[in-house]
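Following: one structure in structure tokens, then a few remarks.
The values are calculated or read from the model by the stated rules, or taken from the named source; none is laboratory data. As the structure is a computational prediction, the values presented were derived from the model and not from experiment. Cβ: placed from backbone, ideal geometry, glycine included. Neighbour counts: every protein chain shown. Quick note on the areas: whole protein, heavy atoms, side chains included, nothing else; ligands and nucleic acids left out. Shrake-Rupley method; radii C 1.70, N 1.55, O 1.52, S 1.80 Å.
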Amino acid sequence: MEPIFTEIDEEFICENCGKKVSKLGYSCRNHCNFCLCSKHVDKNPGDRLEECHGLLDPIDIEISPKKGYVIVFKCKKCGAIRKNKAAKDDNMEKIYEICKKKIS
């Protein structure tokens, strides 16, 4: 079954770095565009039904021919793995840093 997508584009304060993250404007903001961390709040994109609420740490970057950079997250609380497409305004230095760790 295809995941249900609920579009929620809202600003928030990142629980990892403390910066104010603005709305994305063209899709849903899923993670901090500064440190790339996210929060484990969704079972399906945008539903806010996940009870864990742990911090999702960016651990890997995948490159998709259709989506471009895809950030792979691991929840610090429950260990769940989640993925999300990088946003246009994401910190590219942080993306490259994660890529470098992967090949070194």
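Which pairs break 21 Å Cα to Cα here: Lys39/Lys77; Lys74/Lys101; Lys76/Lys101; Lys43/Lys100?
Among Lys39/Lys77; Lys74/Lys101; Lys76/Lys101; Lys43/Lys100, the Cα-Cα distance tops 21 Å for Lys43/Lys100.
Just Lys39, Lys77, Lys66 to compare: in a GNM of the chain, with alpha carbon springs under 10 Å, which one fluctuates most?
Checking each option, the largest mean-square fluctuation is seen for Lys66.
Over the chain, with the other protein chains present, what is the accessible area per residue in square angstrom, probe 1.4 angstrom?
About 67 Å² of surface per residue is accessible.
Cα axis of helix 92-103 to longest principal axis of the chain: angle in degrees, 0 to 90, nearest 10?
Helix 92-103 sits roughly 70 degrees off the main axis of the chain.
Exactly which GluC sites (Glu not before Pro) in segment 18-97 are in a DSSP loop and have at most 11 other Cβ atoms within 10 Å?
Those that pass, being in a loop and sparsely packed, are Glu51.
Hey, how much of the P(r) for segment 37-94 falls beyond 17 Å, as a percent of Cα pairs?
Within segment 37-94, distances greater than 17 Å cover 39 percent of Cα pairs.
For log10 I(q)/I(0) by the Debye sum over Cα atoms at q = 0.09 Å⁻¹, one of (i) -0.43; (ii) -0.18; (iii) -0.21 was computed from the structure I shared and the rest are decoys. Which label?
It is the one labelled (iii).
What distance in nm lies between label points placed 7 Å from Cα along the C-beta direction at Ala80 and Glu93?
Those two pseudo-labels are separated by 3.2 nm.
Given +1 on the Cβ of Lys and Arg, -1 on the Cβ of Asp and Glu, and no further charges, what dipole in debye does the chain carry about its Cα centre, rounded to the nearest 20?
With Lys and Arg at +1 and Asp and Glu at -1, about 340 debye.
Which longest run of the chain has no exposed loop site in it, a site being chymotrypsin sites (Phe, Trp or Tyr not before Pro) in a DSSP loop with at most 16 other beta carbons within 10 Å, and the site itself not part of the run?
Between the exposed loop sites, the longest stretch runs 27-104.
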